Amino acid sequence: EEGRASIYRTVFTNSCKEMMCYPDFPFPDDYPNYIHNARLHKYIRDYAQHFDLLRHIRFKTTVTKIRKRPDFSATGQWEVVTRSDGKEEAAVFDAVMVCTGHHVYPNLPLAHFPGIEKFKGCYLHSRDYKEPEKFRGKKVLVVGLGNSGCDIAVELSTVASQVYLSSRRGSWVMSRVWNFGYPWDMLLITRFWTWLDNFLPKAVSDWLYVRSMNQQYKHEDFGLMPVDGSSRREPVLNDDILSRITCGVVLIKPNVKEFRETSVLFQDGTVQDDLDAVIFASGYSHSFPFMEDESIIESKNNEATLYKCIVPPKLEKPTMAVIGLVQSFGSAIPTADVQCRWAVKVFQGLCTLPSVNEMLEDIEEKKRNKIRWFGTSNTLQTDYITYMNELTSAIGAKPNVLKLLLTDPLLALKVFFGPCTPYQFRLTGPGKWSGARKAIFTQWDRTLKPTRTREAPPATSTLPSLLVLGMLLIPLLLLLTVL
């Protein structure tokens with residue numbers, strides 16, 4: 001439906017269950033680490049039922065207009081017009097959260113693809129892709145090396161005669177399964193790595209980043225290497241694209257220069273004939289068509305001006321929050337959870353905002369930092385742990401590692417060196433959850449349970465350890481003899 005997010009049938013999460021759950025509601029033990037969209041839907045319904053939320057929600061209701069009340073400067077209230085069953089009604093609210101996200105309005109930049117109007121095959125945005133069967137036996141070009149583009153290219157490669165995957169600037173590609181078979185985000189999203197990343201000189205940090213991304217294979221050997229290799233732009237999570245490239249059923253191509261009736265010319269001068277279909281995995285733009293005054297949420301070049309990526313800075317009263325218009329290495333669910341907790345404290349007057357000028361200066365500083373880390377300012381990206389710390393510090397919910405070292409040293413070590421799971425943000429302060437500590441201590445148990453479905457013996461060495469040690473010492477002894 002227009003105006004709503006849409007996915008293809010085989011979508012799985014890119015964040016593992018321990019890193020993406022609501023912080024006071026872990027996923028069931030037997031859920032797999034990466035979850036199909038149907039199971040995630042069930043989890044959200046279970047969450048709503050567990051906390052008795054359904055009675056507070058009015059379903060099948062469209063918000064058609066949000067406008068300030070005439071006395072907004074004094075009350076901060078909003079008039080919200082809704083439509084349900086063909087009937088419109090207006091109601092007054094003390095505060096509004098805009099939670100429409102940034103995967104609703106497809107970005108289809110046809111003006112950047114000369115000749116597309118001449119192309120006789122079919123073309124569509126990835127939003128309209130659902131399943132591969134209609135492309136059986138066809139030659140298909142997928143434009144865009146992002147998560148959706150790679151997913152769709154891999155899925156199409158099982159039925160299409162050939163798939164071409166076009167990229168303008170390349171991308172880092174990671175597997176969901178990282179070192180030792182553990183989920184990538186359980187190993188990489190830690191307070192220690194974030195501290196080290198910020199502590200080291202940027203040149204050293206960039207070198208380590210590139211080295212870790214090229215750890216499993218060299219991206220340049222597969223045509224994937226990003227143009228700006230040190231940029232921290234969001235990597236692609238895909239477990240199968242390399243094997244598809246290796247098998248030749250997916251071919252990586254540069255950016256499209258021109259479309260013709262039945263072929264496409266790429267920037268490197270190569271031409272692909274007999275092309276049947278094109279799928280543009282070219283991302284999304286955000287929009288707020290229900291806002292009567294479009295200037296309230298200022299947005300230019302797909303870049304919204306929001307303090308802490310949440311609050312429009314020029315409102316007379318801070319009673320509006322935009323939730324989810326941010327993208328980080330971490331998961332959307334815990335990020336939105338912390339954003340909402342922060343926004344509620346602002347609505348209640350328990351978290352005071354700085355002056356308008358100070359908020360605008362902070363926004364500009366964040367833009368400069370984005371250019372430094374991501375190579376552009378008009379990105380929704382931000383560093384996950386830094387951002388979460390910033391919001392939870394303001395509401396008193398950030399875990400104090402130094403204090404924990406004195407009061408609960410085992411927990412302190414898990415919080416600092418272990419995965420930054422959402423439970424950490426429920427250890428203290430408003431919204432504190434009594435089960436947070438236990439959830440942190442058992443997070444690896446829940447991670448390993450769904451993969452240990454067969455009882456297997458532990459790995460044993462085929463050589464006695466002393467023999468191995470002796471073999472290692474022989475070269476050293478010979479070297480000492482020679483010297």
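Derivation of every value follows stated rules applied to the coordinates shown; laboratory data play no part. All values reported here derive from a predicted model rather than from experimental measurement. All Cβ positions, glycine included, derive from the backbone under ideal geometry; neighbour counts span all protein chains shown.
Details
- FRET efficiency for the pair Asn179 and Glu261, taken as 1/(1 + (r/R0)^6) with r the Cβ-Cβ distance and R0 = 41 Å, rounds to 0.25.
- Its relative contact order, with pairs defined as Cα atoms under 8 Å and 6+ residues apart, puts the chain at 21 percent.
- Karplus 3J(HN,Hα) series, Hz, for segment 334-341 with 6.51 cos²θ - 1.76 cosθ + 1.60 (x for Gly, Pro): x, 5, 5, 4, 5, 4, 5, 4
- The charge dipole of the chain, taken about its Cα centre with unit charges on the Cβ atoms of Lys, Arg (+1), Asp and Glu (-1) only, comes to about 640 debye.
- Calculated on alpha-carbon atoms, Rg and Dmax of segment 262-413 in Å: 20.5, 69
- Put simply, when 88-101, 20-33, 410-423, 245-258 are sorted by average Cβ atoms within 10 angstrom per residue, most first, you get 410-423, 20-33, 245-258, 88-101.
- If you plug the beta carbon distance of Phe199 and Glu292 into 1/(1 + (r/R0)^6) with R0 = 60 Å, you get a FRET efficiency near 0.80.
- By the rule of a C-alpha distance below 30 Å, with chain neighbours fewer than 8 residues away ignored, the lysines paired with Lys257 are Lys118, Lys120, Lys130, Lys134, Lys138, Lys139, Lys218, Lys300, Lys370.
- The structure shown yields log10 I(q)/I(0) by the Debye sum over Cα atoms at q = 0.05, 0.12 Å⁻¹, and of the options [x] -0.20, -1.16; [y] -0.23, -1.26; [z] -0.24, -1.11 that calculated value carries the label [y].
- In this structure, the amide hydrogen of Thr382, modeled 1.01 Å from its nitrogen in the peptide plane, lies closer than 5 angstrom to those of Gln327, Ser328, Phe329, counting only residues at least 5 positions away or on a different chain.
- Annotation: amide H of Gly431 has no partner in the under-5 Å range at sequence separation 5 or more or interchain, hydrogens built in the peptide plane.
- Neighbour-limited loop hits for trypsin sites (Lys or Arg not before Pro), segment 268-353 (at most 15 other Cβ within 10 Å; DSSP other than H, G, I, E, B): Lys314
- Cα pair distances in segment 394-447, grouped into 5 Å bins until the bin that holds the longest one, percent each: 4, 21, 32, 28, 11, 3, 0
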